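Below: one structure, written as structure tokens.
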Amino acid sequence: MSIIYNPQKYALPDRPMENFIDDNEIWSILKDQDKPTMEQVDEVITKSLQKQRLSLQETAVLVNASEPAMVDKIKLAAKQLKEQIYGKRIVLFAPLYIGNLCINDCTYCGFRSTNKKQERLTLGKQDIVDQVVALEDTGHKRLILVYGEHPRYDAKFIADTVKIVYDVKHENGEIRRVNINAAPLEIDGFKTVKEAGIGTYQIFQETYHRETYANVHKAGTKKHYDWRVTGLDRAQEAGIDDVGIGALLGLYDWRYEMLGLVRHVNHFEAVYNVGPHTISFPRIQSASGFEVDKNYEVSDEEFTRFVAILRLAVPYTGLILTAREPEHIRDEIMEYGISQIDGGTNIEMKGYTSHKEEQNLDHEQFEISDNRSLNEVMEELVGNGYIPSFCTACYRLNRTGEHFMEFSVPGFIKRFCQPNAMLTLAEYLEDYAPGETKDKGYQLIKDNLENYEDERFKSKLIERLEKIKQGERDLYF
Ligand code: SAM
Ligand code: SF4
């Protein structure tokens, strides 16, 4: 029996800069689809494999499908979708913490204002230059700058730090795309930051559940749920159409957060005609003075399900996985459609130059579980047949909505993303890779070149790869 979907009528209609999340609505949808049949699960999966975004009701079917045979089908379908649409390319980035002053008191974060053990620091110009040089020297081209929320970190400060980062060129190194993870701003503030040439502006809602939100955000600006949930609407109004949403898993029921994220995507599509560029879903980690509450802990099994369902629910949105996750989890869920991961991450303030062996929770925001260097991550990706990419071509050619294009423009990945991934990989191999990685990387490029039947295109690509070997840089399609 077919389910009757009612995808577009929500309790709260979509209006720019107004709250769109209704707690009762989300719970009633989750309860309505309480015990899905295998037939219903199949029906929803079929729709997703036809490259259509799922409604909240359809997503709830997958979320409630907990029988092992259903979960297996969901994971298999996510793998299929990933392979058919995105191929084997994985974009790499690194976070850079600019300042940990904070007026908010998020219970889960080491930077919270009441954590007196945390050493407070804001990077000055030279500090930023030093960190960026260190990152460039490992091969990074894409950074996300991270800031606490504080009057000192206003829009002008953020814009200035972005410009400092873009100006750092060391040997063949340069940062070609700077993304931001910072507090929501006023529209004018977002305009200032946009003018500095940012890529994506990320704001995580943390939890879409209003009561839980109030319990974990008791002080500072962040206590205002509506201000935060409409933050990226203001970014859109300011002309930043490249935005990233996210939920911090472990604060509330993950099933609810899944529907909150999908509702957020629907909201953007309804109001701005474009969904978010990326979704992040960090699992909460222990932090200085904070132990994870077991009530809503998301197990490895639930987490892998979460990623597979999200891939199916929003097939054309980029999914980001971070170093908060241990290596074995990263490896598994990359198969379900992760499009970006961080590599060689250090979240200590000035961490890229401090060379400390031990993590120090009083210098960083929380614990991370993957401490591999960028080259170790590259080695592993290449070994598993992934093409690591530092590509920033779409952003610099003003091809915004790159994920949507990858997904919806036939041949886009083969024609643009894959060759650009190979070109940026070749740059990495020439400039930063030890001999063994270099050999493996060029073998991967050679294997992938064989997939190109169009001889004219293939020879253009080979020509550019040769130019990179001879010292030219920053070549893309
Ligand atoms: N201060 C800004 C804000 O709160 O939006 C931006 C920076 S904040 C450091 C970036 C993100 O770190 C938060 O949105 C939150 O999801 C995540 N985070 C905070 N504490 C965490 C923890 N204990 N484990 C995992 N992620 C955490
Ligand atoms: Fe401050 Fe952001 Fe940490 Fe909250 S999550 S305490 S706002 S840095």
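Enter the per residue convex hull volume of region 108-206, computed from alpha-carbon coordinates, in Å³ rounded to the nearest integer.
It is 117 Å³ per residue.
Stretch ASP154-HIS328 to full length: gain in nm at 0.36 nm per residue minus the Cα-Cα span?
Answer, rounded to one decimal: 58.8 nm.
What does the C-alpha gyration tensor say about the overall shape of region 7-48? Classify as rounded when a/c is under 1.5, otherwise prolate if a/b is larger than b/c, or oblate.
It is oblate, given that a/c is not under 1.5 and a/b is not larger than b/c.
Work out how much length MET38 to ASN215 would gain on full extension: take 0.36 nm times their residue separation and subtract the Cα-Cα distance, in nm to one decimal.
Extra length from MET38 to ASN215 when fully extended: 60.0 nm.
Once you have the alpha carbon radius of gyration of the chain, what is it after dividing by 2.2 N^0.38 Å, with N set to its residue count?
Cα Rg divided by the expected 2.2 N^0.38 Å: 0.94.
Which one of GLN202, ALA159, ILE180 has its Cα pushed farthest toward the positive end of the charge dipole of region 111-211, where Lys and Arg give +1 and Asp and Glu give -1 at the Cβ?
My answer, from the dipole projection, is GLN202.
Roughly how many Å² is the accessible area per residue of region 145-193, as a whole number, for a 1.4 Å probe?
Averaged over the residues of region 145-193, the accessible area is 41 Å².
Within region 288-305, find all residues whose amide N lies under 18 Å from a label point positioned 7 Å from the Cα of LYS116 along Cα-to-beta-carbon.
288-290
For LYS125 and ASP188, what does the FRET efficiency come to when R0 = 30 Å and r is the distance between their Cβ atoms, rounded to the nearest 0.05?
Computed FRET efficiency for LYS125 and ASP188: 0.80.
With the cut-off at 1.5 for a/c, could you classify region 133-279 from its C-alpha gyration tensor as rounded, prolate or oblate?
Taking the square roots of the gyration eigenvalues as a ≥ b ≥ c, region 133-279 is prolate.
Any chance you could run the full-extension gain for LYS31 through ASP439? It's 0.36 nm times the residue separation minus the Cα-Cα distance, nm to one decimal.
That works out to 141.5 nm of additional length.
Suppose every Lys and Arg Cβ carries +1 and every Asp and Glu Cβ carries -1, with no other charges. What dipole size does the chain come out with about its Cα centre, to the nearest 20 debye?
The dipole of the chain has a size of about 1000 debye.
What Kirkwood hydrodynamic radius, in Å, does region 13-93 give when the mean of 1/r is taken over all pairs of distinct Cα atoms and then inverted?
The answer is 14.5 Å.
Restricting attention to the chain, give the cysteines that have no other cysteine Cβ less than 4.7 angstrom from their Cβ.
Result for the chain is CYS102, CYS391, CYS394, CYS417, no neighbouring Cys Cβ within the cutoff.
Please give the FRET efficiency for GLN470 paired with LEU449, using the beta carbon to beta carbon distance and R0 = 25 Å, rounded to the nearest 0.05.
For GLN470 and LEU449, the calculated efficiency is 0.90.
If you take the charge dipole of the chain about its Cα centre, with +1 on Lys and Arg Cβ and -1 on Asp and Glu Cβ, which of LEU444, THR278, TYR252 is farthest toward its positive end?
THR278
Give me the one-decimal nm value for the distance between modelled label points at ASN19 and GLN84, 7 Å along each residue's Cα-to-Cβ direction.
Modelled inter-label distance: 3.9 nm.
As a test of the formula, what do you get for the chain when each DSSP H run with n ≥ 4 contributes -39,500 (n - 2.57) and the sum is divided by the residue count, at 222 nm and rounded to the nearest 500 deg cm²/dmol?
-13000 deg cm²/dmol
Given H placed 1.01 Å from N in the peptide plane, which residues other than close sequence neighbours of ALA219 have an amide H under 5 Å from its amide H?
When sequence neighbours closer than 5 places are left aside, the close amide H contacts are ASP105.
Rounded if a/c is under 1.5, else prolate if a/b beats b/c, else oblate: with a ≥ b ≥ c from the C-alpha gyration tensor eigenvalues square-rooted, which is region 59-175?
It is oblate, given that a/c is not under 1.5 and a/b is not larger than b/c.
Sticking with the crude label model, points 7 Å out along Cα→Cβ, report the distance from SER354 to LEU49 in nm, one decimal please.
4.9
The values are calculated or read from the model by the stated rules, or taken from the named source; none is laboratory data. Since the structure is predicted, the reported quantities are computational estimates derived from the model, not experimental observations. No Cβ is skipped: glycine too gets one built from the backbone with ideal geometry, and neighbour counts run over all protein chains shown. Note: areas computed on protein heavy atoms with side chains; ligands, DNA, RNA excluded. Shrake-Rupley method; radii C 1.70, N 1.55, O 1.52, S 1.80 Å.
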